[in-house]
Amino acid sequence: MTDPLFIILASGLPEKKDDGFARCAWLRVGELVAQFWRHRNRPTAVVKADTVLRFIHFDSHAAAVQIYEHNFKTRKSVVDDPRARHVQRNWTTLDANFVTKHGTLDPAHDPKSFVEWQPIADTKAAGSDHAVSIVNVYHSVRKAPRGSVLELSVFSHAFVDGPVLFNTPAGAGTRRDPDDTDGRAAIDFQPDMGEDGAANAAALDEFKNGFAASGSFRIWGCNIQDIVLTIPDTGGTLKQRCLIMSTVRQVVEEAFTRQLRKGGTIAKLLRDTKKPPPGNTNIPIDMANQISLERSLQSDPHAGHGFTHFPPPRLFEIRYDEDFPNHAYHPFFRGERDAKGNFSGVITRSLSEIVQFVAKETLPTYFFAAAQALKTVTVVGGAPGTSADIDSTGQQFIGPARLYEAKFFGKFFGASINDPDAAVQRHYAFLDNQGNAVKTILDRAANGLP
């Protein structure tokens, strides 16, 4: 029997404060158990027919850390409650009283010794309404036995900045705010992962080394919002963090999705699987159409939550005229105006410029920052411009309405949207542990298409 192996799951708290994301986490347990059982006899399989696999769950809804031990020798591919109807019954609280039911565990491999359950219990006891933090998850992977974490999955809302456990305010600068529970692209993948002190000097290396050679880090939420530091429409002169629709989503909708649907010469070039379309192919982009849609979604409670309310002229101005250090808007839109001096509703850009824009907008995203920093860990997440839905089973996936954005990302950046091991395809983008997709994105950001 191999040394103990772990799957670490974290679930955020939805707006309704129900256990929806906790259900997603348990559904993933069942999915992985079935997957590992199917593949148990492969020469490369790390989970064998006699493995005891331990699932650790950071549950924001219950404000607790939980554990489930699956003995493949006796349970095979079967888990209780496969539809996640009663998720709290499926887990055991992980605390000082936990004792494995399967043999013995030395202290280094005992999850109660390296999983950060005590600070969460203390924070909950103090009355906090957000006791679980992404930092607790990071620390637990860092402290896990080297090479023992097969997967880290976060089930939650998410956006360009990362997964959202409680939607706490972001701190300033590149230091981790102790009261911030959520993922932060610009903070979390520094060598010290944004935390001060000698104990964190090698934090990123510790985090990376916790993963198995085949390990993956998966972010299951959306990627449909851009963060812009600008003056809100409520007045005043101070710039604030505001959320607008992903501009990648808008550009890809017009330059790729619409072109494929209407057919014609451009669609034929885009569909060609044998050779890439020429970079000098000019494509019209109807931003007036996209901004009109964005305006309607600002008041839609079912749209990716949190859009800052801006009128259409400001949505044009933000993209066409304002220059942000974390966005490639200005060199792409160039402040383009029509003969009457209004922002151009329809612009034309070459496919090379479009691909370069999407690549540049990918660079500051959480899942790209993670893949670039972790290098040997496969990072999986929603491609820029995609949103996650809940399928008929209750699990998160990239639905048909956003599949074109995922396909664009795969076609031009070499990031597969197919999971070769999964029975159900959920169309998240894979940034491989060889760094090939990262290299391609960096090259496209610098050079576009030939």
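The values are calculated or read from the model by the stated rules, or taken from the named source; none is laboratory data. This is a predicted model, so every value here is computed, not measured. Here the Cβ is made from the backbone with ideal geometry for all residues, glycine too, and neighbour counts use every protein chain on show. The accessibility values were calculated without ligands, DNA or RNA, using every heavy atom of the protein model including side chains. Shrake-Rupley method; radii C 1.70, N 1.55, O 1.52, S 1.80 Å.
Which one of Ala339, Ala370 is not in a loop (DSSP other than H, G, I, E, B) and not basic (Lys, Arg)? Explain how you work it out, then say what you get.
Details: Ala339 fails: not in a loop (DSSP other than H, G, I, E, B).
The conditions single out Ala370.
So is Arg249 within 25 Å of Val346 (Cβ to Cβ), surrounded by 13 or more Cβ atoms within 10 Å (Cβ to Cβ) and in contact (Cβ under 8 Å) with a residue 60 or more places away in the chain or not?
Details: within 25 Å of Val346 (Cβ to Cβ): yes; surrounded by 13 or more Cβ atoms within 10 Å (Cβ to Cβ): yes; in contact (Cβ under 8 Å) with a residue 60 or more places away in the chain: yes.
Answer is yes for this residue.
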Exercise. Since Ser77 meets every condition but one in (1) at pLDDT 95 or above; (2) of a type outside the set (Asp, Glu); (3) open to solvent by 20 Å² or more (accessible area, probe 1.4 Å); (4) more than 21 Å from Ala422 (Cβ to Cβ), which condition does it not meet?
Worked result: (4)
Exercise. What do you reckon, is Glu317 modelled with pLDDT of 95 or more, under 24 Å from Phe159 (Cα atoms), of a type in the set (Asp, Glu) and surrounded by 13 or more Cβ atoms within 10 Å (Cβ to Cβ)?
Worked result: yes
Problem set entry | Matching residues, the range 374-396, being within 18 Å of Gly210 (Cβ to Cβ) and either crowded, with 24+ Cβ neighbours inside 10 Å or in contact with a Lys or Arg (Cβ under 8 Å, 6 or more places away or on another chain) (or both) | Leu374, Lys375, Thr376, Val377, Val379, Val380
Exercise. Within the bounds of the range 338-358, is there any residue that is within 25 Å of Gln434 (Cβ to Cβ), open to solvent by 20 Å² or more (accessible area, probe 1.4 Å) and not polar (S, T, N, Q)?
Worked result: no
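Taking Val248, is it over 29 Å from Ser148 (Cα atoms) and in a helix (DSSP H, G or I)? It would help to see each step written out before you state the result.
Values: over 29 Å from Ser148 (Cα atoms): yes; in a helix (DSSP H, G or I): yes.
Spelling it out, Val248 is indeed over 29 Å from Ser148 (Cα atoms) and in a helix (DSSP H, G or I).
Determine if the range 409-427 includes at least one residue that is closer than 15 Å to Ser246 by Cβ and open to solvent by 10 Å² or more (accessible area, probe 1.4 Å). First the steps, then the outcome.
So in the range 409-427, the residues closer than 15 Å to Ser246 by Cβ come out as 409.
Right, trim to open to solvent by 10 Å² or more (accessible area, probe 1.4 Å) and you get none.
No, every residue in the range 409-427 fails to be closer than 15 Å to Ser246 by Cβ and open to solvent by 10 Å² or more (accessible area, probe 1.4 Å).
Would you check which residues across the range 40-72 are of a type outside the set (A, V, I, L, M), in a loop (DSSP other than H, G, I, E, B) and open to solvent by less than 30 Å² (accessible area, probe 1.4 Å) and list them? First the steps, then the outcome.
Taking the range 40-72 and keeping what is of a type outside the set (A, V, I, L, M), we get 40-44, 48, 50-51, 54-55, 57-61, 66, 68-72.
Next, from what is left, pick out any that are in a loop (DSSP other than H, G, I, E, B): 40-44, 48, 50-51, 60-61.
If the condition is that a residue be of a type outside the set (A, V, I, L, M), in a loop (DSSP other than H, G, I, E, B) and open to solvent by less than 30 Å² (accessible area, probe 1.4 Å), then Thr51, Ser60 are the ones that fit.
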Problem set entry | Whichever residue in the range 342-367 is among the β-branched types (Val, Ile, Thr) and in a helix (DSSP H, G or I) and, among such residues, is nearest to Gly162 (Cα to Cα) | Thr362
Problem set entry | Complete set of residues in the range 377-395 that are part of a strand (DSSP E or B) and over 16 Å from Phe430 (Cβ atoms) | Asp389, Ile390
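Got a sec? Which of Ala144, Ala131 is open to solvent by less than 60 Å² (accessible area, probe 1.4 Å) and either under 14 Å from Ala62 (Cα atoms) or basic (Lys, Arg) (or both)? Spell out the reasoning first.
Numbers: Ala144 fails: either under 14 Å from Ala62 (Cα atoms) or basic (Lys, Arg) (or both).
The conditions single out Ala131.
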Problem set entry | Where a residue in the range 418-446 is farther than 15 Å from Phe408 by Cβ and its partner, wherever it lies, is buried (at least 16 other Cβ atoms within 10 Å of the Cβ) and aromatic (Phe, Trp, Tyr), with Cβ under 6 Å and at least six apart | Arg426/Phe397
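Condition first: at negative phi and open to solvent by 40 Å² or more (accessible area, probe 1.4 Å). Now tell me which residues in the range 171-189 satisfy that.
Narrowing the range 171-189 to residues at negative phi: 171-172, 174-189.
Scanning the range 171-189 gives Ala172, Thr174, Arg175, Asp177, Pro178, Asp179, Ala186.
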